[in-house]
Each structure stands twice: as C-alpha cells, then as structure tokens.
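The values are calculated or read from the model by the stated rules, or taken from the named source; none is laboratory data. This one's a predicted model, so the numbers in the text were calculated from it and none came from an experiment. Here Cβ is always computed from backbone atoms with ideal geometry, including for glycine, and neighbour counts include all displayed protein chains.
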Amino acid sequence: PHLRTFTDRFQTCKVQGAWPLIDNNYLNVQVTNTPVLPGSAATATSKLTIIFKNFQECVDQKVYQAEMDELPAAFADGSKNGGDKHGANSLKITEKVSGQHVEIQARYIGTTIVVRQVGRYLTFAIRMPEEVVNAVDDRDSQGLYLCLRGCPLNQQIEFQAVHGVPMEGQGARKPAASSPVPTAPETFPYETAVAKCKEKLPVEDLYYQACVFDLLTTGDVNFTLAAYYALEDVKMLHSNKDKLHLYQRTREFPGQAAAAP
Amino acid sequence: CKILKCNSDFWRATSGGHTEDTPEVCSALRAYAYCTRRTARTCRGDLAYHSAVHGIEDLMSQHNCSKDGPTSQPRLRTLPPAGDSQERSDSPEICHYEKSFHKPSAAPNYTHCGLFGD
C-alpha cells in the first residue's frame, strides 16, 4: 500500500502480513496486507483492526474490525458508541455509504478515522492531535508503528524505478529494463493508465503517481478510486491545506533521517 | 498532565469571595483532590502536581474537611451549545478533547496518516 505518515512522508511499501499503524496510550491500529497478485511484492490492505483503549469516565475499550467485503458500521460487540460510561457518546461510528465508507469520531481524543472499501481492498485515514499521537508510556515500543516512523527501508518500493511511472511534468516513460516486481499482464498500456488516473487526479502529485503504479501493477481500475478517495480524505482531515498534494517521495528510513547531520 | 486545569478550576471555584465558610471550601478542595487523582498517572514527577497534592492535604486538615462529601463545580462553566443535548449535557468535559485541551490559548496541532492502494 501507499503510506502517508503523520509527518507527511509518502512511501509505497510491501509490508506484507500484519503491521501496526498506530500504537499509543489511547489507540491501537493494525493492518494486514496481502499481495495483489500471486508472488507480487505489491500488497494492499485486506484487514484492519482498531482498538480504542479504555479512557477514564468516557469510553470502555472498543474494537473495530473490517475485512475485505465486510465493512461493518459497528464495533465488534455490535454497539455504535463508547459503551455505558458517562461520556460514551464521545465515541461514535457513522455509516456514510453502506459497506463502503465508515467514519469514526473519537471526540474524547479529538480524533477522526475514515475507513473505506474500494474495489476489494481497504483504505484507512486518520486525523489525530499531535499530543495524542505522542502519548506513549514506553517510547521504545513506539518505533515500530508505520504512521509515525514510515516503512522500514527494506519494505519500501521505489515505484518510479519499477514501472517508469512519470514524475511531475514528465511524459510517460517506458518501464525500466530490470523490474524487481513482476508486472501485471498487459491489461493497461501506459497511456491508458496515465489517462485514467489523470481523469480523477488532475494534479500530477504522488497520489496521481500512486494511481498509475497501482493500475500497472494490478490491472484493476478500482485503484484509481482508491487514490482519489485517499486524496479526498486528506482534504477533509489534513489541517494544513498547503500540504494536500505531495511531490517529493521519501526514501530514507525516518529514523536514519533523524540521525543524519 | 492536566494539573494546571485542576489548579485553575479550584481558584475559579473559590474566587467568588463568599467561600470563606468551611462547607464551601471543603467541597472545592474535594473537587480539587478528585481532579488531581484523575490526572495522577500523566503527572508522575511533575512538581506542580506534587505541590498541589500536598497543598490540598494541608488545607483540608486546616479546615477539618472530611475526605468524603459533596464536591463543588467550577463556577464559570460554559453552557453546552444547542443541538445533540443528550451527548453534551451528560458528557463530562474530559470526554471532549477540544474543550479539555489544556492549552486553551492554542488550538491542538492535528496530524494526518493515510494508507491506500497497493
């Protein structure tokens, strides 16, 4: 999947299997990613688990779980709010489009979550106060979660090199000679992928490039919508409107970047 | 750590002038003690927190306050806006992040994370 971190780093990652996205004193989010084609390094999210931890007199612990073709508009126990506590309504699930789009408001921690199913796969987006993001007791364990640290370097896919996906302002380029990721059957010529993505994503930013990559990798046109809705979620959730579109990819592992002079 | 909010709530509850008589002071002190207990975990090692806890103990013994009893509410509590009255009227302020955010002078800094596609 493509990941945009809390610090606005944009990466495309393999991260096959179960990986933590968020893990702090209030919230735990974990995703399970599966290859989009047998043997492909490109994966997409097939399962999502969100745990809202018990919080004072506001909410009991609540678990939300979504899988492919199963996007419930309720927590695992069937409820739609934070339980029996005084402030239970400070956690609420709202169904936007049945089976396709769910929004969860966790007002007690100032957090909004959007979960969607686009095509066969899930997308996740969250807005959370920085203070809550960093609220952890044990800083060491915080290193592993992707929304804060990004993907480990060996899990990152440089998708421009793989498919010759055009950078901003460049025309379509022919695929690089060597390609570590097996490409999809030729169902999507370059020009068609580019045209399809440009329809929904006129700005040639990283969301547009991710769209082209996904079409070339899977041949599945639904991924056009995945990139489109991801950008729509950014528009709704990101507080800095100047940072909606990203153009620069990040390659280094944020931890290393932090260590760099 | 929300000890500053506890402090300001206590001063607001006792700044009305007519709280000299003991029952008023004791209920304000019990509310103050309750507030510090709620934020104890996040205030470990915080000097302001520990001095508040000791100060409350001193004042309660000075005024012979019992530990159990009514607690006073901050005097200047803003009324919830119209609308979903069920949620607002019985949801404690601590359950509304933006209201209980301890730096009222600055809005929270929000961040975004997203995962999509393949």
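So in segment A:41-59, with the set limited to residues that are charged (D, E, K, R) and not in a strand (DSSP E or B), which one is farthest from A:ILE157 (Cα to Cα)? Steps first, answer last, please.
Initially, segment A:41-59 is screened for residues charged (D, E, K, R), giving A:47, A:53, A:57.
Subsequent filtering for residues that are not in a strand (DSSP E or B) retains A:53, A:57.
Working: A:LYS53: 33, A:GLU57: 44 Å.
Here the answer is A:GLU57.
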Segment A:41-63, subset crowded, with 20+ Cβ neighbours inside 10 Å and polar (S, T, N, Q), residue farthest from A:ASP84 (Cα to Cα): A:THR43
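Does A:ALA76 count as in a loop (DSSP other than H, G, I, E, B), away from every other protein chain (no Cβ under 11 Å) and either among the aliphatic types (A, V, I, L, M) or closer than 25 Å to A:LEU146 by Cβ (or both)? Break it down stepwise before answering.
Details: in a loop (DSSP other than H, G, I, E, B): yes; away from every other protein chain (no Cβ under 11 Å): yes; either among the aliphatic types (A, V, I, L, M) or closer than 25 Å to A:LEU146 by Cβ (or both): yes.
Yes.
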Segment A:1-48, residues that are more than 9 Å from chain B (Cβ to nearest Cβ) and either without any contact (Cβ under 8 Å) to a residue 12 or more places away in the chain or aromatic (Phe, Trp, Tyr) (or both): A:PHE10, A:TRP19, A:TYR26, A:PRO38
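Please give the helices (runs of 4 or more DSSP H) falling wholly within segment A:150-261 in which 1 or more residues are away from chain B (no Cβ under 11 Å), closer than 23 Å to B:GLY114 by Cα and at pLDDT 55 or above. So that I can check it myself, show each step before the final result.
Numbers: elements: A:159-163, A:190-200, A:206-218, A:222-237, A:254-259.
Here the list reads A:159-163, A:190-200, A:206-218.
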Top-ranked residue in segment A:25-40 [being surrounded by fewer than 20 Cβ atoms within 10 Å (Cβ to Cβ) and part of a loop (DSSP other than H, G, I, E, B); ranked as modelled with the highest pLDDT]: A:ASN25
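Report whether or not A:CYS147 is assigned to a helix (DSSP H, G or I) and either within 12 Å of another protein chain (Cβ to nearest Cβ) or modelled with pLDDT under 95 (or both). Outline the logic, then answer.
Working: assigned to a helix (DSSP H, G or I): yes; either within 12 Å of another protein chain (Cβ to nearest Cβ) or modelled with pLDDT under 95 (or both): yes.
Answer is yes for this residue.
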